[in-house]
Each structure stands twice: as C-alpha cells, then as structure tokens.
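Asker: Structure incoming, see below.
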Amino acid sequence: MKSVSRIKINSFEETVIPPKWINIKYLLIVLGGVAIVNQLVFIREFLSVLDGNELVMGLVMACWMILTGFGAYVGRNFKISGFTLEKGLSRLALLSFMPFLLIAALYWFKKTLFPPGTIASLGISISGIFLLLFPVCFLSGYLFTQFSTCYSLSSNDNRISNAYRYESVGSLIGGLIFSFFFGYFFNSFEVFGLTTGIVLILRAWVCNRSIEKYLFTGVGIILPLLVFAFNPDIHIKKLFYPDQEIIRDKSTRYGTLTVTQQHGQLNFYENNSLQFYTDNIIQSEEAVHYAMIQHKQPKQILLISGGISGMIQEIEKYQVEKITYLEHNPEIFHEWKNLIHMNDFKNVEFLKSDIRTFLLRSKTIYDVILLNLPPPNTLGYNRFYTQEFFSILKKHCNHQSIVCTSLPSTGNYAEANALEVNASLFKTLNSHFLHQLVLPGEKNYFLVSDDSLSWNITELISKKRIITNYVNSGYIDDKLMKERGESLISQFDLKVKINHDFQPYMFLRQINHWFNYVGGNYILIIAIPAIMFLVCLFWLNPVTTGLYVGGFTSASLEVALMLIYQIYFGSLYIASALFFSLFMGGLVVGSIWKFGNKNEFSMRQYSMLQFALALFSILLPGFVLLAGKMAFFTILQQFMFFVPVFILAFGIGYEFNLASRLQPYGYSRISGINYSSDLLGSAFGAFITAVLLLPVCGLAITCLVVAGLNLFSGLRVVLKK
Amino acid sequence: MDKRQFIKTLFCGAGIACLYKPLSAIAESGIVIPPEVGKKWTREAQYYIVTPKGVRCLLCPNECNIKEGELGNCRARLSKNGKLYSISYGNPCAVHIDPIEKKPLFHFYPGTNAFSIATAGCNLACLYCQNWSISQKSPRDTQNTDLLPDRLISYCKQNGCKSIAYTYSEPVTFYEYVYDSATLARQEEIKNVFISSGFVNSAPLAKLCKVIDAANIDLKSFSDDIYMRLCSGKLQPILNSLNLLKKEGVWLEITNLVVPSWTDNMDMIKRMCNWLLQNGFEMTPLHFSRFIPTYKLSQLPPTPVNTLKSAREIALKEGLKYVYIGNVPGLEMENTICPECHAIVIERQGFRVVQNYVAGGKCVFCGEKIDGVW
C-alpha cells in the first residue's frame, strides 16, 4: 500500500498526494523550456506576418504576458485531486503541439482576411494576436500555478519561489537551445516538431503501462520525422507568396530570408517583408547617379545596402577604384551571388560587419557614400538617421565627399507625418554638412556635402557621357526637378527636432505615419494601456504592487538596454540570447538568494529592495553614457551591458522570493496572483516603454519614471507596516 | 484626511504630473489641425437630389445618401441645410507641371507640358494608390492652395503649359471645379485633360465631355470581383464611361496597371483586349503599367517585366494597334509604331520625344493615319 499524506491548506487545496510528486520540479523545468520556445517562435512569426516594428512587438509581448498571467490567475482555483505526473506531461505535450495549429491558423487568417501583399489592419491584428495566443498562453500560465501549487503541497511548505526558479531554469535552457541551435537550423514547424517529440518521449518514460509507453514513444519519434519530411513551413508560406516560386527559405541571424522567383524576377524578403528585387532600374539609377555625378572623380565608394538591386552595376559606370559594400543583412548578398551566378566583382569588397561598428573602426575617407537603407520604422533602423550616426559618417568625408541617403517618396503631396520625418532628416543632416539638396524621385533623395551641389543632374550625366536608362533628360527635367525639390524643402518646418539615438524623433513620426496604412490612433493605442496600468497600480495590495512594478521595471529596462545595445553594436540577434540567458540566470540566483537570517522574510527587506531598484533605475543612464565612451574597448563595453541585466534580474528574482513568503494566502493563490501580477507588469512595461516612453521621452525620463514607480511601491509597503 | 490618504492623494497627483510630459509631447506631435474650409472653396453640387434620408449624390455610382453635416464616401461632398456642396472647389493640394506623356498620354500634343492639379478626395479606395495621401483624405485634412479657376488659367499660361491636367487623386470628386476651369480654359485655348478611374455616372460625364479634350481612364481590371476587392469599385460603370467618352469624341487613352496576383491573369487581359476590340477601341492607345509596391500593397513585388511583355503581346495579337509599356525605362516599348508600315513614327526616350514622323496626323513613310491629337 502506498504511503500517502493528507494536507489541508484551505478548502480548495484538500487532497491526497502520492509520493511520485517529488518529481514535479522536472515538470516545471519542461514547462519553462516549452513556454519560452513557444514564445520566441510566436514572436518571430507574428513579426513576420504583421508589420514587424516595435509597436507590433510590444503588442505581441504584452498580449503574451497578459494572457499567461490570466491563465495563472485562473489556475489558482483548480482542484488538485486526481492530478498525476502523467497528466502533467500530457498537458505539456498539448502545450507543445498546439502551436502547429495556431501558426498555420495565423497564416491562413492573414491570407483570408487580408488580400495578398497587404498589411494587416491594426484592429484585426490585435484581435488576431489575442485569439491565436490565448490557448497556448492561458495553458502555460495555468500549468505554472498548477505545478507550483503541487510542488508546495508535496513538501508541505511554501515553495512557490522554488517553482519560479525551476521554471526559470527551464526557460534558460530552452532559450539557449533555441537561440544557439534551433533558431539557426530549423524553421518554426520543425522546432515545434522537436519539442513535441521530446515531451512525448518524456511522457512515455513515466508511463506504467507498456502499450502507452510504446504509443507515446512511437508518436514522439514519428511526428518530428514527418515534419522534416513534409516541411509544412514551405507549404504554409506559399499562402504568402501567391504566384511566386519560393527558391530559398532560410533562417539567418537577422531573421528569415525568403527568395522568390516570378517570371525571371528575383524578390528578396526578410521576415516576409519585401526588401529588394532585381530589375529595379529606376531606384538603382536614382540612388547612384544623383550622388555620383556630383563628384568630379569618384574613386572610393562606400555602398551601404541595396547593391543587389542593380546599384553596383551603376556605380561601375564611373570607373571607380573600389566599392566597399555592406548590407544590413549580409545573407541577402550571399544568396544573391549564388542565385545569379555572377563572378566576383573585382573592385567590390563586401564586408560582413555591422554598419555602425565598421564606421567607428575604419578610418577610410570616401568620395561618395551611398545609403540605401529601409526607412526608420523601427528603432533599429532609426539609428541610421541620427545626429550621432551622421557624426560618425562625417569622419569618413573630406570637403568634396558626397553623401546620399533617402526616405520613401512623399509623392505629389507630403502627408503631415511624412513631412515631419523628412524635415527632421533635413535638419539633422544640416547640422553636419554645408550644402544639401532634396531630389524627389521614386524616393526622396537627400544629397549632402561640404562642397557645392548641382540640381542639373541630367546635364552632368550628358556631359560625362554616362549611359543610363532612366536618369537622363528623357525622363527627368532638371528645372522641374529643382522646382519640386525646392517646393518640398519650403514645406519643411525647421522647428522639428533633430533625430537622436536616444530621442528617436523620426521613428515616432514614422509610426504615426504608419497608422495611416493600418488604421488606428497612436494616442488611443497608448492611452488605454497607460490608464489600465495606473488602475492596476492602485488597486493591488502593497506586496502584489511590488511584484507588478518589478515586472514593469524588468521589462522596461531590458527593452531600454536592448535598444541601447542595438545602437552601439547593431544586430541584437545573438546578443538577445545572451541578454535572455543572463536575465534568466539572474532570476534563478535571485530566487534562491537569502540575505541575513535565512528564515526571515520581512516587509522591511521588501521595501528596501524596491528602493534599491529605484536607485538602479536612476543610475542606469549614467552607466550607459559611460559605456558609450568606451567605444574602442568593445569587450568591456559589451560587458558593461550584460552586468546590469544580471543585477536587474537578480533583484526581480529575489523580489519574487520575498513576495511569495509575504503574501497571506494559500499556495495556489500565492502562485496565481504573484505570477500573474509579475507578468502583467512586464506586459505593460514592454509595451509602454517600446511605444511611448523611449520614443517620446527618451532614455533618461524612462528611467526616472521607472524609479518613481519603485519608490511609490516601496513607500506603500512602508506605510502598510 | 489621515496621513495615509494624504500620501495616497499626493502620489496620485505625482503620478499624473509624471504623465504630463509624455502626454503633452504626444499632444504637440502627430495631431494635424485641419485648415478651415472657407466658403470660397465651397460650391453647390450639380448632381444630387433631396430624399427623406438626406441628400443623395448622383455624381458617381456610389450614389451616397449623405446625412446633414456629413461627408460622402469621397470626402469631398458635404450635406448642409438640405443641400449638397462640393468642398473641393479651387483648393488643390497638389499643383505641379508634368510632361503630358507622364499622364500617360502619348497621342495628345506630345512633347508639351500639362499644368497638373488635384484636390483631396476619391470615390474609390485602391489598395495600391500612389497618391493615397490625398485621395484617401478630405480637403479638410490637407494643406491647400488657393487656385480658383481664373487664377488656375493664369498660372497655366504663365508657365507655358499647353493643357491643364485634372489628375493625381480623382477629378470626378472635384467635378464642379473641373467643369468651370475647363470652360474658362477653353476660352483661352488651353486644353483640358481628365485623368480618371472613370467611376462616374453617365449624365455628369456627358456634360463634362463638352469641355474636356482628352482623357486617360484607368481600366484597373476586367473582373467585377477584383474591382470590388482591389478598389471598392465596379467594372460596368467604367466600361460605360469608356463608351461614352469615345462617342463624345474626347481623345481617349487607357491605362491598365498590371498588379501581380491581382490583375496579371493573361486570360483576363485577353478578355479585356477582346472587349476593347469588339467595342471599337482598336485605335485607342493602351498602356500596360508596371506596379510598384506602395500604400497597402507594399509587400507585393513589382510586376515582372516579362509579364508586361506578355500582356503587350496579347493585346497586339488581339488586334489593338497602339500598345505601350510604362514604368520600365530602357525597354523601348514607348515608341509609337505605324500600324501599317510598322515604322517608328514617334521615337521617345522616356517622356521626351526624340523624333516625330507624324505630319498632319499621318505617317510620313506610308501616309497611314496615326490616331491622336497632334
């Protein structure tokens, strides 16, 4: 007869516990691993299907955390009787299998609700995100509460913080495996196939009955094999590229790169967003000749992005000595070279480096610098349109150098937000260069130099006998071009702000412009979550408020640190894995750390911790400025980013540990409320910071707001005592 | 009030104060205060009736029922005090000079410039609209220029433009402005060019035909379903407009934007060309234009050049005489070929006429009539 123990915590938690529950911590680890893999893949897929800017990312992350928190909150009332390890693993298998259907549904809904090639509207995007994330997030949160409660009951002690720790360990392991292995080599369906297979095999392992053992083992092996054999990812993606043949689809460190072919034309997509295409005669000529023709003898050329659309061939018409070429995603260039089977360009040096890092280290002076980057519709791209970036660029120019950058065309009428974006760029460039022209073509081309510039493009082209298909007097009238350009410049309100790395004005205006495409109102999108955040802040009890604000703090400052990292170092893809790992590691350590008497958990400690977080937030901007000055000590500079991440996570983990001891409820209720409030705070933190605080207020104010919130929650605890 | 309440209130206030800076920053940015739509830019509409539901506009097939104080679907007609007004009279938001070939009009005074204007508003909602920043807005939302008809004609003459082009957005929505301007322009021997989707009722179009000289109509697709899904429009009214313009003797050219996955089906293009032939449009220039990703179709790739070439071949095979490809520099399919001797009668480089071998409306090589207004 098995020994049993009867434990009564409250009327919800009366149960009988078999001794096998001692292994429940492994369920928590598996839960953490599966949940984080799901999250990383879903975020990637949503950013691909919807327009992948910070607003969308903030929405996805916020919805994820809110729904998971909701599931955790609902889970506080579940009945434990009848729960077994086998059932736990079965539920985890369901959690890892559901994404198959949900990702397929995501693509199907996008194709059905929105015609091919269109951007999803914001209202339907938000509804879709909620609907599709609900099953997997709700179950994730619910299972955490369930497992952590059982874990506490199994040892007749409050082990919620231990449960949080194990779940964090699982997230850490899952995150590392995904970031350094799965994400590189496998597509989304293959990743889900592998995780489902692993969980099913674990399920088989704990089975008592042979037939179930064989069944689960068999399915656990066959399912991933089927996924690899049939590659549902490609079939689903075909919904996205009607009438196009997908000839390459691979994961890169910058995202998914898809190359399609249609009637001889090659199209390059990054995360399902069209980046370049071949036969792009107009843009490749404009982007090159408007600038190149201004220089008497251009020899050294720096080309930043766009070479594959035909720009290299156009540059070579000038008998240049060398073209230094960088892409914001170097994989695009490699795929292009392989596909068109062209010999190496003799005078083109392709560098696989982050653009800003290269410019900081290099000392070469260039005659012409051509920038052909996407517009500043993400914080990542905004960094190529800032005062700081042009300051770096200027160091590569002499008096005769020409720089050309561009923004999407304002066409025959410049919409207000688009006009402000252009005006801000104009003003930002003006602060570095003496002369500037704005040439309206397929894009608006901003030409700058310390030497004089000419509007008579086609006259110069004709004099130099450069052969072009588009940039010539056949298509362009110099006089009309000048009139249009001057008319556009006259509309610029020079009271606009200069664009900075840490005050991304152009990004903010571009987001407002983006709302014209997708519908919606920026103020409403911000005001509603902000008000909801404040309501929750005053409604929760002091201990829960601390967790809520802690969640906000961790998400907010992590978003800020990742943005800053991106500005200094470029791609976040590898670094995000390190950020994440350190964060999880910090959570784990913090959740088991004990200061002073290991049995003493006091409100005093809790309030002091929150004041410490406030101080941390206030010091962070200074820390970042210091890191910025160490531009030439890259390793030290990077180290200075990762340390605050760890410290922050340590604080949050410790806070969770304390809060679990200080809440006056039963285990399931503690688990449900604590986990959900932490997640809810994180949701608001991620969204409000990415979309409101950083773009509108900048880094310093963001940190002050976070400090203020921690002071507030700390004082609430002090007053409650 | 006890200490706890006092501190709570203090912190509430501090919290609100903390929000002041971000909210005021938002308030200062991104909100456009629409300019006042003055009475001088408002005229009573010509085509409407009064119904128990309000006024009903009869200008285009939408035939909007517009309630008091509201705008029609085109955002350029306002119902006020039981009458319908156009609020886009003399207030264009886009004023430019373009070569006539850019409209595109290849057989209408080639080599001349058109004084091009547009007011905000449109009765369609095309997903790929290049001028969406004005077509999908109201004149209340845009920065406008004061350019009543007499001033418009004056500017046109000052700039040496042969014609006025009512273009960019949808000139049907500023019908009264077009009509009055065209009437005045004719008196000054300035030509009037109507660049439109053709989504207009027959009666207003017939009246307008008396004062315009040329038109380019966008035949966006040959499928009613695609018209609805791509543009929120209908096919039949466009076909009616084409017939009416031809009947009224307005010089007509047709543009078909070939959009991948939407309007690039060769069977549909063949049916379209067949219809054009059957209805007497054999000599009407047809322009197949390359789609460039924009507005809500920004994730679609541009039309492959080979697709455009295939479309042109089909059109020529079906019997259409003047078929061009637009938006593809260097293709040399913008030259006018004599339908009889197949010589290049107008050689173009982009929008510029390099050689013109049309004399008296005929090919100088074989004497064949070359349709157009020369």
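Asker: Against the conditions (1) more than 14 Å from chain A (Cβ to nearest Cβ); (2) at pLDDT below 95; (3) more than 18 Å from B:Trp251 (Cβ to Cβ), where does B:Arg271 fall short? Just the number, please.
Answerer: The number of the failed condition is (2).
Asker: Step by step: first the residues of segment B:326-360, then only those that are part of a loop (DSSP other than H, G, I, E, B) and in contact with a Pro (Cβ under 8 Å, 6 or more places away or on another chain), then the one that is farthest from the other protein chains (Cβ to nearest Cβ). Which residue is that?
Answerer: Quick first cut of segment B:326-360, residues part of a loop (DSSP other than H, G, I, E, B) only: B:327-335, B:338-343, B:350-351, B:357, B:360.
The next check asks that each one be in contact with a Pro (Cβ under 8 Å, 6 or more places away or on another chain); those that pass are B:350-351.
On the way: B:Gly350: 3, B:Phe351: 6 Å.
Looking at the filtered set, the residue picked out is B:Phe351.
Asker: Restricting segment A:205-232 to residues that are under 16 Å from A:Phe97 (Cα atoms) and among the small types (Gly, Ala, Ser), which is nearest to the chain's Cα centre (by Cα)?
Answerer: So the residue we want is A:Gly220.
Asker: Okay, next question. Restricting to segment A:147-173, name every residue that is of a type in the set (S, T, N, Q) and either farther than 25 Å from A:Gly82 by Cβ or surrounded by fewer than 24 Cβ atoms within 10 Å (Cβ to Cβ) (or both). Explain how you work it out, then say what you get.
Answerer: Here is the first cut: in segment A:147-173, the residues of a type in the set (S, T, N, Q) are A:148-149, A:152, A:154-156, A:158, A:161-162, A:168, A:171.
Those that are of a type in the set (S, T, N, Q) and either farther than 25 Å from A:Gly82 by Cβ or surrounded by fewer than 24 Cβ atoms within 10 Å (Cβ to Cβ) (or both): A:Ser154, A:Ser155, A:Asn156, A:Asn158, A:Ser161, A:Asn162, A:Ser168, A:Ser171.
Asker: Looking for something within 30 Å of A:Asp477 (Cα to Cα), within 13 Å of another protein chain (Cβ to nearest Cβ) and free of Cβ contacts under 8 Å to residues at least 24 places away in the same chain - is there at least one such residue anywhere in segment B:98-111?
Answerer: no
Per-residue answers, yes or no, for (1) away from chain B (no Cβ under 14 Å); (2) surrounded by 22 or more Cβ atoms within 10 Å (Cβ to Cβ); (3) over 30 Å from the mean Cα position of the chain (by Cα); (4) of a type in the set (Gly, Ala, Ser):
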site	(1), (2), (3), (4)
A:Thr260	no, yes, no, no
A:Phe268	no, yes, no, no
A:Glu286	no, yes, yes, no
A:Ile315	yes, yes, yes, no
A:Tyr325	yes, yes, no, no
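Asker: Determine which single condition A:Leu379 fails, assuming it passes every other condition in (1) under 24 Å from the mean Cα position of the chain (by Cα); (2) within 30 Å of A:Gln319 (Cβ to Cβ); (3) among the hydrophobic types (A, V, I, L, M, F, W, C).
Answerer: (2)
Asker: Scan A:Leu524, A:Leu534, A:Leu547, A:Leu557 and give me the residue that is more than 21 Å from A:Val624 (Cβ to Cβ), touching a Ser or Thr at 6+ places or on another chain (Cβ under 8 Å) and either away from every other protein chain (no Cβ under 13 Å) or free of Cβ contacts under 8 Å to residues at least 40 places away in the same chain (or both). Please lay out each step first, then the result.
Answerer: Working: A:Leu524 fails: touching a Ser or Thr at 6+ places or on another chain (Cβ under 8 Å); A:Leu534 fails: touching a Ser or Thr at 6+ places or on another chain (Cβ under 8 Å); A:Leu557 fails: more than 21 Å from A:Val624 (Cβ to Cβ).
From the options A:Leu524, A:Leu534, A:Leu547, A:Leu557, the qualifying one is A:Leu547.
Asker: Moving to a separate point now. For residues that are closer than 19 Å to A:Val403 by Cα and assigned to a helix (DSSP H, G or I), tally how many sit in segment A:447-459.
Answerer: 2
Asker: Look at A:Glu245 and say whether it is at pLDDT 85 or above, within 14 Å of chain B (Cβ to nearest Cβ) and more than 30 Å from A:Leu40 (Cα to Cα).
Answerer: Criteria not met by A:Glu245.
Asker: On to the next question. For residues that are hydrophobic (A, V, I, L, M, F, W, C) and more than 18 Å from the chain's Cα centre (by Cα), tally how many sit in segment B:223-239.
Answerer: At the first step, the residues of segment B:223-239 found to be hydrophobic (A, V, I, L, M, F, W, C) are B:226, B:228, B:230-231, B:235, B:238-239.
Imposing the further condition that a residue be more than 18 Å from the chain's Cα centre (by Cα) reduces the set to B:226.
Number satisfying all stated conditions: 1.
Asker: Which of the residues belonging to segment A:460-483 are away from chain B (no Cβ under 14 Å) and in a helix (DSSP H, G or I)?
Answerer: Answer for segment A:460-483, where residues must be away from chain B (no Cβ under 14 Å) and in a helix (DSSP H, G or I): A:Leu460, A:Lys463.
Asker: For segment B:255-271, which residues satisfy the criterion of being part of a helix (DSSP H, G or I) and surrounded by fewer than 21 Cβ atoms within 10 Å (Cβ to Cβ)? Please lay out each step first, then the result.
Answerer: Initially, segment B:255-271 is screened for residues part of a helix (DSSP H, G or I), giving B:266-271.
Correct list: B:Met266, B:Asp267, B:Met268, B:Lys270, B:Arg271.
Asker: Can you name the number of the only condition in (1) in contact (Cβ under 8 Å) with a residue 60 or more places away in the chain; (2) surrounded by fewer than 19 Cβ atoms within 10 Å (Cβ to Cβ); (3) closer than 29 Å to A:Gln261 by Cα that B:Leu297 fails?
Answerer: It is condition (2) that B:Leu297 fails.
Asker: Of the conditions (1) within 14 Å of chain A (Cβ to nearest Cβ); (2) in a strand (DSSP E or B), B:Leu252 fails just one. Which one is it?
Answerer: Evaluating B:Leu252 over (1) within 14 Å of chain A (Cβ to nearest Cβ); (2) in a strand (DSSP E or B) leaves (1) as the failure.
Asker: Got at least one residue in segment A:293-307 being within 14 Å of another protein chain (Cβ to nearest Cβ) and either assigned to a helix (DSSP H, G or I) or not small (Gly, Ala, Ser) (or both)?
Answerer: Of segment A:293-307, the ones within 14 Å of another protein chain (Cβ to nearest Cβ) are none.
No: segment A:293-307 contains no residue that is within 14 Å of another protein chain (Cβ to nearest Cβ) and either assigned to a helix (DSSP H, G or I) or not small (Gly, Ala, Ser) (or both).
Asker: Which count do you get for residues in segment B:269-301 that are closer than 22 Å to B:Gly330 by Cβ, under 20 Å from the mean Cα position of the chain (by Cα) and not aromatic (Phe, Trp, Tyr)? First the steps, then the outcome.
Answerer: Keep residues of segment B:269-301 that are closer than 22 Å to B:Gly330 by Cβ, which gives B:285-294, B:301.
Retained after the next criterion (residues that are under 20 Å from the mean Cα position of the chain (by Cα)): B:285-294.
Then keep just the ones that are not aromatic (Phe, Trp, Tyr); that gives B:285-287, B:289-290, B:292-294.
Final tally of qualifying residues: 8.
Asker: Just to verify a result, which residue in segment A:702-720, among those that are more than 11 Å from chain B (Cβ to nearest Cβ) and among the hydrophobic types (A, V, I, L, M, F, W, C), is nearest to the chain's Cα centre (by Cα)? So that I can check it myself, show each step before the final result.
Answerer: So in segment A:702-720, the residues more than 11 Å from chain B (Cβ to nearest Cβ) come out as A:703, A:710, A:714, A:717.
The next check asks that each one be among the hydrophobic types (A, V, I, L, M, F, W, C); those that pass are A:703, A:717.
Working: A:Cys703: 20, A:Val717: 34 Å.
Top of the filtered list is A:Cys703.
Asker: Further question: So how many residues does segment B:340-354 have that are within 29 Å of the chain's Cα centre (by Cα) and either of a type outside the set (D, E, K, R) or crowded, with 21+ Cβ neighbours inside 10 Å (or both)?
Answerer: Looking only at segment B:340-354, we keep the residues that are within 29 Å of the chain's Cα centre (by Cα), and these are B:345-354.
Subsequent filtering for residues that are either of a type outside the set (D, E, K, R) or crowded, with 21+ Cβ neighbours inside 10 Å (or both) retains B:345-346, B:348-351, B:353-354.
Total satisfying the criteria: 8.
Asker: Criterion first (out of contact with any strand residue (DSSP E or B) (no Cβ under 6 Å at 6 or more places or on another chain) and either surrounded by 17 or more Cβ atoms within 10 Å (Cβ to Cβ) or touching a residue at least 40 places away in the same chain (Cβ under 8 Å) (or both)) does B:Gly367 satisfy it?
Answerer: Values: out of contact with any strand residue (DSSP E or B) (no Cβ under 6 Å at 6 or more places or on another chain): yes; either surrounded by 17 or more Cβ atoms within 10 Å (Cβ to Cβ) or touching a residue at least 40 places away in the same chain (Cβ under 8 Å) (or both): no.
Here the answer is no, as B:Gly367 does not meet what is asked.
Asker: Of the residues A:Leu28, A:Leu85, which is closer than 30 Å to A:Pro664 by Cβ and either surrounded by 16 or more Cβ atoms within 10 Å (Cβ to Cβ) or modelled with pLDDT of 80 or more (or both)? Give the derivation first.
Answerer: Numbers: A:Leu85 fails: closer than 30 Å to A:Pro664 by Cβ.
Result: A:Leu28 is the single residue among A:Leu28, A:Leu85 that is closer than 30 Å to A:Pro664 by Cβ and either surrounded by 16 or more Cβ atoms within 10 Å (Cβ to Cβ) or modelled with pLDDT of 80 or more (or both).
Asker: Considering segment B:274-296 alone, what residues qualify as being in a loop (DSSP other than H, G, I, E, B), more than 14 Å from every other protein chain (Cβ to nearest Cβ) and among the aliphatic types (A, V, I, L, M)? Lay out the reasoning, then the answer.
Answerer: Our first condition is that a residue be in a loop (DSSP other than H, G, I, E, B); within segment B:274-296, this holds for B:279-285, B:291-294.
From what's left, more than 14 Å from every other protein chain (Cβ to nearest Cβ): B:279-285.
Answer for segment B:274-296, where residues must be in a loop (DSSP other than H, G, I, E, B), more than 14 Å from every other protein chain (Cβ to nearest Cβ) and among the aliphatic types (A, V, I, L, M): just B:Met283.
Asker: Considering segment B:148-205 alone, what residues qualify as being in a loop (DSSP other than H, G, I, E, B) and buried (at least 23 other Cβ atoms within 10 Å of the Cβ)? I'd like the intermediate steps shown before the answer.
Answerer: Start the filter on segment B:148-205 by keeping residues that are in a loop (DSSP other than H, G, I, E, B), which leaves B:148, B:159-162, B:167-170, B:188-190, B:197-201.
Residues satisfying the conditions are B:Thr167, B:Tyr168, B:Ser169, B:Glu170, B:Ser197, B:Gly198, B:Phe199, B:Val200.
Asker: Is it the case, given these coordinates, that A:Gly117 is crowded, with 23+ Cβ neighbours inside 10 Å and without any contact (Cβ under 8 Å) to a residue 12 or more places away in the chain?
Answerer: Taking the combined requirement at face value, the residue satisfies it.
Asker: Before we move on, is B:Ala114 within 12 Å of chain A (Cβ to nearest Cβ), in contact with a helix residue (DSSP H, G or I) (Cβ under 6 Å, 6 or more places away or on another chain) and in a strand (DSSP E or B)?
Answerer: Numbers: within 12 Å of chain A (Cβ to nearest Cβ): yes; in contact with a helix residue (DSSP H, G or I) (Cβ under 6 Å, 6 or more places away or on another chain): yes; in a strand (DSSP E or B): yes.
Taking the combined requirement at face value, the residue satisfies it.
Asker: Could I ask something else about it? Within segment B:126-137, can one find any residue that is more than 17 Å from the chain's Cα centre (by Cα), surrounded by fewer than 20 Cβ atoms within 10 Å (Cβ to Cβ) and facing another protein chain (nearest Cβ under 10 Å)? Outline the logic, then answer.
Answerer: At the first step, the residues of segment B:126-137 found to be more than 17 Å from the chain's Cα centre (by Cα) are none.
Among the residues of segment B:126-137, not one is more than 17 Å from the chain's Cα centre (by Cα), surrounded by fewer than 20 Cβ atoms within 10 Å (Cβ to Cβ) and facing another protein chain (nearest Cβ under 10 Å), which makes the answer no.
Asker: Here is a check on your reading of the model: is A:Leu699 closer than 17 Å to A:Leu561 by Cβ, in contact with a Phe, Trp or Tyr (Cβ under 7 Å, 6 or more places away or on another chain) and either surrounded by fewer than 24 Cβ atoms within 10 Å (Cβ to Cβ) or within 14 Å of chain B (Cβ to nearest Cβ) (or both)? Don't jump to the end; show me each part of the working.
Answerer: On the way: closer than 17 Å to A:Leu561 by Cβ: yes; in contact with a Phe, Trp or Tyr (Cβ under 7 Å, 6 or more places away or on another chain): yes; either surrounded by fewer than 24 Cβ atoms within 10 Å (Cβ to Cβ) or within 14 Å of chain B (Cβ to nearest Cβ) (or both): yes.
Considered against the rule, which asks whether it is closer than 17 Å to A:Leu561 by Cβ, in contact with a Phe, Trp or Tyr (Cβ under 7 Å, 6 or more places away or on another chain) and either surrounded by fewer than 24 Cβ atoms within 10 Å (Cβ to Cβ) or within 14 Å of chain B (Cβ to nearest Cβ) (or both), A:Leu699 comes out as yes.
Asker: Taking the criterion of being away from chain A (no Cβ under 13 Å) and of a type in the set (Ser, Thr, Tyr), would at least one residue in segment B:307-316 satisfy it?
Answerer: Taking every residue of segment B:307-316 in turn, none turns out to be away from chain A (no Cβ under 13 Å) and of a type in the set (Ser, Thr, Tyr).
The values are calculated or read from the model by the stated rules, or taken from the named source; none is laboratory data. Everything numeric in this text was worked out from a predicted model, so none of it was measured. FYI the Cβ positions are ideal-geometry reconstructions off the backbone, even for glycines, and counts take in every protein chain you see.
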